[in-house]
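To start, the structure under review is shown below, and the notes come after it.
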Amino acid sequence: MITLNTFYIDGAWVAPASSETMPIRSPATNRQIGTVAMGNAEDADRAVQAAKRAFETFSMTSKEERLALLRRLAEVTRARLDDLAHAMTTEMGAPITMSRAVQADAGIGHLEAFIAALERLDEEEILPNGDVLSREPIGVCGLITPWNWPINQIALKVIPALAAGATCVLKPSEHTPLSAQVYAEIVHEAGYPAGVFNLVQGDGPTVGAALARHSDVAMMSFTGSTRGGSAVARNAADSFKRVTLELGGKSPNLIFADADLEKRVAEGVAACFFNTGQSCDAPTRMLVERSVYPRVLELAQAAAEASVMGDPEQEGDHLGPLFDEIQYDRVQTMIETGLNEGARLLTGGTGRPDGLPEALQSGWFVRPTIFCDVTPEMVIWREEIFGPVLVITPFDTEEVAIALANDTEYGLAAFIQTGSEERALRVARRLRAGGIHINGRDADYGSPFGGFKHSGNGREGGVQGLEDYMEIKVRPPFAA
């Protein structure tokens, strides 16, 4: 049984002020595998005060000193990648092959990209008018990360804070505490000064809200639900702190008739189902040119029915479970909603998939599901489902496709499949989303990630993600 009963504050593992705990459960079996201590406002305050003290000196470090620490962090991260992967497989059900190659790899991929970004960044420059512009660390940062991509989001928040010379308090999702614990051990071994990085486990309404309200926190960075992001922004408002948000999505995937249908449709289904559909930028709405609609439905059904659900501890390219009972129930409810709304069920449906081993039959496995002939007024078209559920609808013209794609309150990502470069660039220009994927090509580490509209504000990754953790100061040149 795993017991996480200490927090990392001021360079040491310390007992929490709170006596509350929460069970850690395996999503593959629904068995309890451990407990985690749940912090309170006092724990959050202790961590903030440690970060505030550390900021006085860490903010004065040179770029070269911070780069040296980041390179050491990279060495330790590489040595612990397997530990990170196994932690995420255990706590949120990512299959181990995917967890190692993608989930854990994000910890080093983003780190190397931020090292390159800091190397390129001019922390001081002369403006055309002769004044001097300085980029300086913003202060103490409160960082709240989600359960679906634990280390990816920790890396996108902790690393730029450390690179900028800021200090931070990390509150990971209470559902994925194991990988955060490993990451705190990595930061400690890398040799960061006490108080620069702090970890407090706990839930959003308690620890998260305490950080967002805290007058000594200069910035909040949150990834999670739109509702959670709204709460963080409201709690932060009274102290006028900077707030960056990466929230939900309902990303469109536009399939034009001139695309390589066999390849792009299979890729689109796989991208929707990747991480068992638990990705905020997943292409969950497939929009198909009507002339090829019947063929696309055949290809999509075949791709979905080739998907295999399996034990996340086993190597392979199978899908794992949803991460908990709440998410399982939500996905089941949304599938039932689609059926009640009159969408045509192409494959899948409610319940667990057939053929699961007995040991996994209590886990949160769902059937990969596709609805077609979906219309924009349907709930399954408009709301984020966060499971392996794809909805498909036809379009007649490029104008209609763009209108349908933009018909959402979200704007995190959009996908385009076409054989025409001219069309791809023309359509990309008109889609209201922060990231555009074309013919299976995604952005790489080092590019800014974020969305339009209800998908949030600010950017994570690259120079833009680094600058979010900095303030601008201007002064005239010195004259005696």
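Which is farthest toward the positive dipole end of the chain among S225, M98, A237, measuring Cα position about the Cα centre, with Cβ charges +1 (Lys, Arg) and -1 (Asp, Glu)?
Ranked along the dipole, the leading option is A237.
Going by how many other beta carbons lie within 10 Å of each one, how would you line up S19, S251, S26, fewest first?
With the fewest neighbours first, S19, S251, S26 line up as S19, S26, S251.
Compactness ratio of the chain: Cα Rg over 2.2 N^0.38 Å, N = residue count?
Values: Rg = 22.8 Å, N = 480, 2.2 N^0.38 = 23.0 Å.
Compactness ratio reported: 0.99.
Using Stokes-Einstein with the Kirkwood hydrodynamic radius over Cα pairs, what translational diffusion coefficient do you get for the stretch 280-328 at 4 °C and a viscosity of 1.567 mPa s, in µm²/s rounded to a whole number?
Numbers: Rh = 13.5 Å.
Using the Kirkwood radius from Cα pairs, D works out to 96 µm²/s.
Give the distance, in whole Å, between the Cα centre of the stretch 224-249 and the Cα centre of the stretch 361-413.
Centre-to-centre distance over Cα atoms comes out at 25 Å.
For the stretch 2-247, what is the relative contact order in percent, using Cα pairs closer than 8 Å and at least 6 residues apart in sequence?
The value is 25 percent.
Nearest 10 degrees is fine. How inclined is helix 41-58 to the longest principal axis of the chain, computing both from alpha carbons?
Orientation of helix 41-58: about 60 degrees from the principal axis.
Bin by bin, in steps of 10 Å, what percent of the Cα pairs in the stretch 252-447 do you find, going until the bin that has the longest distance?
The percentages, shortest bin first, are 9, 38, 36, 15, 2, 0.
With a cut-off of 8 Å between alpha carbons and a minimum separation of six or more residues, what is the relative contact order of the chain in percent?
Dividing the mean separation by the residue count of the chain yields 19 percent.
Round to the nearest 10 and give me the degree value, 0 to 90, for the angle of helix 81-92's Cα axis relative to the longest principal axis of the chain.
60
For D317 and S291, compute 0.36 nm times the residue count separating them, minus their Cα-Cα distance, and round to one decimal in nm.
Residue separation times 0.36 nm, minus the Cα-Cα distance, leaves 6.1 nm.
Could you work out the Kirkwood radius for the stretch 2-247, taking every pair of different alpha carbons, averaging 1/r and inverting it, reported in Å?
Values: mean 1/r = 0.0553 Å⁻¹.
Radius from the Kirkwood sum: 18.1 Å.
Under 5 Å between amide hydrogens, which residues at least 5 positions from V366 or on another chain qualify, with H placed 1.01 Å from N in the peptide plane?
The list, which skips near neighbours in sequence, is L322.
Please list the non-local residues whose amide H lies under 5 Å from the amide H of L199, H modeled 1.01 Å from N, same-chain partners needing a gap of 5 or more.
Distant-sequence amide H within range of L199: Y8, I9, L170.
Any lysines with Cα under 25 Å of the K263 Cα? List them, leaving off those in the same chain fewer than 8 positions away.
Excluding near neighbours in sequence, the set is K250.
Label point 7 Å out from S215 along Cα-to-Cβ: which residues of the stretch 22-45 have amide N under 16 Å?
Of the residues in the stretch 22-45, 45 have backbone N under 16 Å from the label point off S215.
Tell me whether the stretch 198-248 comes out rounded, prolate or oblate; compute the Cα gyration tensor, take square roots of the eigenvalues as a ≥ b ≥ c, and use a/c under 1.5 as the rounded threshold. Provide the component values of the computation, followed by the final result.
On the way: a/c = 1.57, a/b = 1.09, b/c = 1.43.
In terms of gyration-tensor shape, oblate.
Cysteines of the chain lacking any other cysteine beta carbon under 4.7 Å?
Flagged as lacking a Cys partner: C272, C280, C372.
Please report the antiparallel percentage of DSSP beta bridges with both residues in the chain, rounded to the nearest 5.
40
In a solvent-free Debye calculation with one equal scatterer on each Cα, what is log10 I(q)/I(0) for the stretch 368-480 at q = 0.10, 0.14, 0.24 Å⁻¹, listed in the order of the q values?
-0.42, -0.72, -1.46
Roughly how many whole Å is it from the C-alpha centroid of the stretch 275-336 to that of the stretch 3-32?
32
Using the per-residue mean of other Cβ atoms lying within 10 Å as a proxy for protection, in what order, highest first, do the peptides 349-361, 422-434 fall? Show your work: numbers first, answer last.
On the way: 349-361: 13.1, 422-434: 16.3.
So the order, starting with the most tightly packed, is 422-434, 349-361.
Using the alpha-carbon centroid of each, what span in Å lies between the stretch 418-446 and the stretch 115-168?
27
With the calculation restricted to Cα positions, what are the radius of gyration and Dmax of the stretch 1-71 in angstrom?
16.9, 49
Treating the angle as unsigned and between 0 and 90°, give the value, to the nearest 10°, between the Cα long axis of helix 421-430 and the longest Cα principal axis of the chain.
Relative to the chain, helix 421-430 is tipped by roughly 60 degrees.
Can you give the calculated 222 nm mean residue ellipticity of the chain, where each DSSP H run of n ≥ 4 adds -39,500 (n - 2.57) and the sum is split over every residue, rounded to the nearest 500 deg cm²/dmol?
Per the formula, -11500 deg cm²/dmol.
By a straight-distance test (C-alpha under 28 Å), which lysines pair with K473 as possible cross-link partners, with residues fewer than eight away in the same chain excluded?
Partners within reach: K52, K63, K157, K241.
Each reported figure results from applying straightforward, stated rules to the coordinates on display, with no laboratory input. Just so we're clear, the structure is a prediction, and the values are computed from it rather than from any experiment. All Cβ positions, glycine included, derive from the backbone under ideal geometry; neighbour counts span all protein chains shown.
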